[in-house]
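Below is one structure; the comments refer to it alone.
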2 protein chains.
Amino acid sequence: MRVAIVGLGLIGGSLALALRGGHDVAGFDNDPATRARAGSAGIRVVDSLDGLGSADATVVATPLSAVIPTLDALTTRPDAGVLIDTGSLKRDVAAYAEKSPQNARIVGGHPMAGTTSSGFGGADPDLFRGRPFLLVPTARSDDGSMSVAGALARAVGAEPTVCSAAVHDRTVAMLSAVPLAVALALAKSGADVAAFAGPGFRDATRLAATPPELTRALLGGNRDEVKAALRKFRSALDEVEAELG
Amino acid sequence: MRVAIVGLGLIGGSLALALRGGHDVAGFDNDPATRARAGSAGIRVVDSLDGLGSADATVVATPLSAVIPTLDALTTRPDAGVLIDTGSLKRDVAAYAEKSPQNARIVGGHPMAGTTSSGFGGADPDLFRGRPFLLVPTARSDDGSMSVAGALARAVGAEPTVCSAAVHDRTVAMLSAVPLAVALALAKSGADVAAFAGPGFRDATRLAATPPELTRALLGGNRDEVKAALRKFRSALDEVEAELG
């Protein structure tokens, strides 16, 4: 498989490290220091988007705010293969795909793996091993492109799972945004006694260290679903409290 | 230091394993299988409370429901030394101490360490290393007994910290009970999509696996403080949500 990767941060870098053994991988990152770092780690790095050349799949692993502009730049390149983004939200990708060129091939992707670290320095070839890799078909997905996306997910040890953009964003609201909001609230409410905390409290607040841009994207970029998921969480918490008597 | 330990579960077993190198340790557990297991691990085990003999400190590391009865049995034994329980709540210990024999020496103790595993099988000599070990003086604590309790905490690598029973129980409500209630509520509200969960959600719900007896004790046994801490948490969560716009 020939895979081009745009964005060599935690996710793109981990994909590159996971794939480079058995696949033809090329990577690009806007940041020269990241390119140098990835190059030193043995990734074949190019210094422009166009330099990525022909591929079966081009993965867009940029920060969420750059996903649509990057997809838009890539749809003009017929040799980029199937475009697969790895952002945490999928409605915007689905909406973009609907108005993208008819010959574009676009699949939304979201590996359910991550750490609170970011950048190529946190990249790990085993990051995706055994993790769900959600795949969201768009108006520009066909069987062939879904099959390429599935092969990519399996190639990094993940388990591809297909769902709609709406189901994806609802799922992520519950699995990522609510735990993040809860960790932020726990850290805030327990700040004055956190010095006495054991491992339970530390684990429960670990997500509060999520990078600010990702925090804003996960919470603010998916507001309606997050609010609905928070309502569901609050009502479950009420039930737990009711059992106290 | 001569240390007797009643209850060789996760906490008592870990204390025994941590102390046995440099101290004279004897342990007792109600359960013959636990005694056998601790004995095989090299702990000197006796088969009755009375068999524990003379000690500088006798640690009561039983389940919370047995702490007061065990303290009460030990106060009749002048050679048991300073009695130090390790339960997760301290008001009952403070109240018991007030009406205990005048010559009893009782200090409340609470190492802020633990895992969701229980029993001697989960015991680990490094469990307390670098962790806060809260010490609560009672009506039967004097400088000498506080000093013995502090030495015990340091002997297992923990950092002794003195606070009142009220502050302790309020702190534990925020640091242990609220994260536990939140984990239970997250697990409940995310149950239908948990199959897609990444490490963030798994960490955030890890405490939901807390053993039922400890869950009941932490939540139900400290109800007023837990309710107050949950109010504080909810209001912090409202603030986080308000930032979504």
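Just the Kirkwood number for segment B:73-209, please: inverse of mean 1/r across all distinct Cα pairs, in Å, one decimal. List each step's numbers first, then the result.
Numbers: mean 1/r = 0.0597 Å⁻¹.
Here the Kirkwood hydrodynamic radius works out to 16.7 Å.
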Entries of A:K232/B:K188; A:K227/B:K188; B:K188/B:K232; B:K90/B:K227 with Cα pairs more than 19 Å apart:
B:K188/B:K232
Would you mind listing the distances between the A:R2 label point and the same position in each other copy? Use 7 Å along Cα-to-C-beta, nm, one decimal, shortest first.
8.1
In Å, what Rg and Dmax follow from the Cα atoms of segment A:3-150?
13.9, 39
FRET efficiency (B:S164, A:A139; Cβ distance; R0 51 Å; to 0.05) is 0.20
Please compute P(r) over all alpha-carbon pairs of the protein assembly as shown, binned at 20 Å starting from zero, and give each bin as a whole-number percent.
23, 41, 27, 9, 0
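Please label the shape of segment B:20-60 as rounded, prolate or oblate, based on the square roots a ≥ b ≥ c of the eigenvalues of the alpha-carbon gyration tensor (a/c under 1.5 means rounded; beyond that, a/b larger than b/c means prolate, else oblate).
Numbers: a/c = 2.26, a/b = 1.21, b/c = 1.87.
Oblate shape, in that a/c is at least 1.5 and b/c is the bigger or equal ratio.
Rolling a 1.4 angstrom probe over the protein heavy atoms, how many square angstrom per residue are accessible across segment A:11-63? Intermediate results must be reported in sequence, preceding the final value.
Working: 2210 Å² over 53 residues.
That works out to 42 Å² for each residue.
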Roughly how many nanometres apart are two label points built 7 Å out from the Cα toward the Cβ at B:N30 and B:R223?
2.4 nm
Between copies, how close do the A:P69 label points come, placed 7 Å along Cα→Cβ, listed in nm from shortest?
6.9
What does the accessible area of B:D24 come to, in Å² to the nearest 10, when a probe of 1.4 Å is used?
80 Å²
What are the distances, in nm and sorted shortest first, from the label point of A:D56 to the label points of the same position in each other copy, with each label point placed 7 Å from Cα along the Cα-to-Cβ direction?
6.8
For labels at B:D126 and A:M1 in the simple 7 Å Cα→Cβ model, what's the distance in nm?
3.7 nm
Accessible-area order for B:M174, A:M146, largest to smallest, probe 1.4 angstrom, reads A:M146, B:M174
Just how far, in whole angstrom, is segment B:202-243 from segment A:69-92 if you go by their alpha carbon centroids?
41 Å
What trypsin sites (Lys or Arg not before Pro) in segment B:21-110 are in a loop by DSSP, with at most 11 other Cβ atoms within 10 Å of the Cβ?
B:K99
Zone of A:E213 (label point 7 Å along Cα→Cβ, backbone N under 17 Å): which residues in segment A:42-59?
A:49
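Is segment B:168-242 best put as rounded, prolate or oblate by its Cα gyration tensor, with a ≥ b ≥ c the root eigenvalues, rounded for a/c under 1.5, and otherwise prolate when a/b is larger than b/c, oblate when not? Please report the intermediate quantities before stating the final value.
Values: a/c = 2.44, a/b = 1.31, b/c = 1.87.
Judged from the Cα gyration tensor, segment B:168-242 comes out oblate (a/c at least 1.5, b/c at or above a/b).
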Heavy-atom accessible area with a 1.4 angstrom probe orders B:R206, A:R131, most exposed first, as B:R206, A:R131
Under a 5 Å amide H to amide H cut-off, with H placed in plane at 1.01 Å, what residues pair with A:T161 once short-range neighbours are removed?
A:F133, A:L134, A:L135
Sorted by chain and number, the residues with a modelled amide H under 5 Å from that of B:D85, at a separation of 5 or more or across chains, are B:V60, B:V107, B:G109
Which sequence of B:R2, B:R140 reflects their accessible areas, 1.4 Å probe, from the largest down?
B:R2, B:R140
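The values are calculated or read from the model by the stated rules, or taken from the named source; none is laboratory data. Please read all numbers here as calculations on a predicted model, not as lab measurements. So basically every Cβ, Gly included, is an ideal-geometry build from the backbone, and we count neighbours across all protein chains shown. Ligands, DNA and RNA are excluded from the accessible area calculation, which covers all protein heavy atoms including side chains. Shrake-Rupley method; radii C 1.70, N 1.55, O 1.52, S 1.80 Å.
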